[in-house]
Amino acid sequence: MSEEARSLNFIEHIVEEDLTKGYTRNDLRFRFPPEPNGYLHIGHASSICLNFGLGLRYNAPVNLRFDDTNPAKEEKEYVEAIKKDVSWLGFEWDTECYASDYFQQLYDWAVKLIQESKAYVDSQSSEDIASQKGTPTEPGKESPFRNRSVEENLKLFKRMKDGEFKDGEHVLRAKIDMASSNMLMRDPVMYRVLHKAHHRTNTDWCIYPMYDWTHGESDYIEQVSHSLCTLEFLPHRELYDWFLDQVVSSGKLRPKQREFARRNLSHTVVSKRKLLQLVEKGIVTGWDDPRMPTISGLRRRGFTPESIRNFADTIGIAKRENVVDVSLLDFHVREHLNKISPRVMGVLNPLKLVITNYEEGQEEWLEAENNPEDESAGSRKVPFSRELYIEQEDFREEANRKFFRLKLGGEVRLKNGYIIKAESCTKDDEGKITEVQCVYDPKSKSGSGTEESLRKVKGTLHWVSIPHAITAEVRLYDRLFTDATPDSHKDKDFLEFINPDSLQKVTGYLEPSLKDAEVGHRVQFQRLGYFNVDKDSTPGNLVFNRTVTLRDTWAKLEQKE
């Protein structure tokens, strides 16, 4: 077997097999079919990458189809958000389609089924219909309306369409088999009465098709060759095929449904219903809150499309569901941001440092490399002065030999600058250190080539010049849930596992090169993590989101536990 063949996932094997059994490459067409009732999340990203990836692999068209059959939950806002997310991930669709485009054709086919005695109008309540379904080991009971005449069914169905009945007063059901071992085949509902304005058809329709009826028929209309669904649709495949049997004609391609496993992400939830709860209860600020697993939330947090695509490629396509550790997603964004992000200096927990032998009022501008991973990124100038901020945790009065940062009597190098030595410190009434006094070696400037500049010291600290620093709000985001699988506990609500420290806001002191940074600009705050400018920023009031820390701090915590 060739290396290429070994690398195929099982979906690609299905496509390859079909190409040997009569399909041509011109027959191939795929689709990504979201329901516009919420924002896309990281789970959808895998499906997007699968379908559009197949399109790229086989040079085949991919439709973006909105399965908009439930006007009670669907909105144009979600349609636009979905289109933005797919484009941002780097994919182009061939045709923008809507299930609502096919309402008339679906209705006409439903009439055909009634005429062939394969569908009937049921006038029972939804509760009565459910009670007659039976169990997996017991057959269901036939509706008392199952044998209505074709004429009566046609009249009632037209009156349903014309808006003569209240919501839930009648439904149209397929007449299949109330004793089927597949519960979905026990006369499934095809249409319900629903007096709701649709985001595209407004009030043109008073009846709306159910998903199972719409799904395969839409694939057939669009001539989709491979309809790829997550595993929960495996039991639906028999019904998908039955509905297709009623409408397919010779000479047209028949779609094929195949299923792949959903990939769940640890320390989050991806149920749209539960994500909506987080929004409505004010636990997050919206669908694009940077703690949300939505694509818009990840984008706002600073993730790159490349990192999400690489993540999807790494976890691959499988036949069994599993939980993927969120640290793998973090790894991919770190890996990409490391390559593309300029390095800058910012201090988030400031401690004042005074260089006593540096002349008051003096300043100089030091050369700083923008990105050691990218030679073309060039360099910038950063201001240096007598008074600097360093991080509180980078200084101790006394420390053991393994502490390579600043301590009394010890030396460190200031990044891009000089070697300094701490001589004393000042404390407040509560014993907290408020200032460190140092001296610097004026001949030790980085890059100067002097003997002193080549001297090795073990610690290097980031810093900012106090007179030149700009302030910004910095939002430190962390995992939204403390539990790896918050919605898997039968005896507890997933909201009980909300991480109270998922967002901390601090004031950051940043080098002045960031003064005019625009929304979306990504940087690495050296030694702290990767950050980007949030949309809440205004001129003179920057807001930065932490995308991810430099290292996986959670892994260390979990090892200790």
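The values are calculated or read from the model by the stated rules, or taken from the named source; none is laboratory data. Note that the structure is a prediction, hence the values are computed from the model and not measured. Ideal geometry is used to build each Cβ from the backbone, glycine not excepted, and the neighbour counts take in all protein chains shown. Just so you know, the surface numbers come from the protein's heavy atoms only, side chains and all, with ligands and any DNA or RNA stripped out. Shrake-Rupley method; radii C 1.70, N 1.55, O 1.52, S 1.80 Å.
Each of T471 and R57 was given a label point 7 Å from its Cα along the Cα-to-Cβ line. The distance between the two points is 5.4 nm.
Ordering V171, N202, N182 by Cα displacement along the dipole of the range 118-218 toward the positive end leaves N202 in first place; charges were set at the Cβ atoms of Lys, Arg (+1) and Asp, Glu (-1). Charged side chains reduced to their Cβ positions (Lys and Arg at +1, Asp and Glu at -1) give the range 402-553 a dipole of some 840 debye around its Cα centre. For the range 136-295, the relative contact order comes to 15 percent (Cα pairs under 8 Å, sequence separation of at least 6).
Think of the range 405-561 as a dipole: +1 on every Lys or Arg Cβ, -1 on every Asp or Glu Cβ, centred on the Cα centre; then among V548, T450, T426, T450 lies furthest on the positive end.
Normalised by the number of residues in the range 426-544, what is the relative contact order in percent for Cα pairs under 8 Å and 6+ residues apart?
Values: 140 pairs, mean separation 25.6, N = 119.
Averaging sequence separation for qualifying contacts and normalising by length gives 22 percent for the range 426-544.
Once you keep just the Cα pairs under 8 angstrom separated by 6 or more residues, what percentage relative contact order results for the range 1-135?
22 percent
In this simple spin-label approximation, Q105 and E359 carry label points 7 Å from Cα along the Cα→Cβ vector, and these lie 8.2 nm apart.
Taking the centroid of alpha carbons for each part, the range 311-359 and the range 170-193 are 51 Å apart. Each of the peptides 487-500, 322-335, 523-536, 7-20 was scored by the mean count of other Cβ atoms within 10 Å over its residues; in descending order, highest first, they stand as 523-536, 322-335, 7-20, 487-500.
Summing Lys and Arg as +1 and Asp and Glu as -1 over all other residues whose Cβ lies under 12 Å from the Cβ of I295 gives a net charge of +4. Modelled label positions at R455 and E398, each set 7 Å beyond Cα in the direction of Cβ, lie 2.6 nm from each other. Computed from point charges on the beta carbon alone (+1 for Lys and Arg, -1 for Asp and Glu), the dipole magnitude for the chain about its Cα centre is near 520 Debye. FRET efficiency for the pair L495 and K141, taken as 1/(1 + (r/R0)^6) with r the Cβ-Cβ distance and R0 = 41 Å, rounds to 0.55. Full extension of the chain segment joining L253 with D162 gains 29.4 nm, where the gain is 0.36 nm per residue of separation less the Cα-Cα distance. When both the range 470-519 and the range 5-58 are represented by their alpha-carbon centers, they are found 34 Å apart.
Between D128 and R262, the FRET efficiency estimated from the beta carbon spacing at R0 = 35 angstrom works out to 0.60. Pairs with C-alpha atoms separated by more than 21 Å, drawn from the list K458/K515; K415/K458; K381/K415; K352/K415; K155/K175; K158/K252, are K458/K515; K158/K252. Taking 20 Å as the cut-off, the amide N atoms of the range 493-520 that come nearer than this to a point 7 Å along the Cα-to-beta-carbon line of E387 belong to 507-513.
Would you kindly calculate the translational diffusion coefficient of the range 337-483, applying Stokes-Einstein with the Kirkwood radius from alpha carbon pairs, for 20 °C and a viscosity of 1.002 mPa s, and quote it in µm² s⁻¹ without decimals? My calculation gives 128 µm²/s for D. Taken about its Cα centre, the range 51-210 carries a charge dipole of roughly 300 debye when the Cβ of each Lys and Arg holds +1 and the Cβ of each Asp and Glu holds -1. Heavy-atom accessible surface of the range 148-307, averaged per residue, reaches 38 Å², computed with a 1.4 Å probe. Summing +1 for each Lys or Arg and -1 for each Asp or Glu among the other residues whose beta-carbon sits under 10 angstrom from that of L228 gives +2. Here the range 435-479 has 51 percent of its accessible surface on carbon and sulfur atoms, given a 1.4 Å probe and all protein chains in place.
The chain has equivalent-ellipsoid semi-axes of 61, 24, 20 Å, by the square roots of 5 times the alpha carbon gyration tensor eigenvalues, sorted largest first.
Which of F395, Y358, G378 sits farthest toward the positive end of the charge dipole of the range 353-406, with +1 on the Cβ of Lys and Arg and -1 on the Cβ of Asp and Glu? Result: F395. Taking every alpha-carbon pair within the range 74-232, the share separated by more than 20 Å comes to 58 percent.
Sum up the charges of everything whose Cβ sits under 13 Å from the Cβ of M345, counting Lys and Arg as +1 and Asp and Glu as -1, but leave M345 out. So the environment of M345 carries a net charge of +1.
Rounded to the nearest 500, the 222 nm mean residue ellipticity of the chain from helices alone is -8000 deg cm²/dmol, with -39,500 (n - 2.57) taken per DSSP H run of at least 4 residues. Applying 1/(1 + (r/R0)^6) with R0 = 35 Å to the Cβ-Cβ distance of L231 and T538 gives a FRET efficiency near 0.15. Pairwise inverse Cα distances across the range 310-353, averaged and inverted, put the Kirkwood hydrodynamic radius at 13.6 Å. Pairs spanning more than 25 Å between alpha-carbon atoms, out of K133/K256; K84/K505; K118/K161: K133/K256; K84/K505. May I ask you to list the residues of the range 292-308 whose amide nitrogen lies under 18 Å from a point 7 Å from Cα along the Cα→beta-carbon direction of E335? Once the point is set 7 Å along Cα→Cβ of E335, 303-308 turn out to lie under 18 Å by backbone N, inside the range 292-308.
When the Cα centres of the range 537-551 and the range 208-255 are compared, how far apart do they sit, in Å? Taking the Cα centre of each part, the range 537-551 and the range 208-255 sit 46 Å apart.
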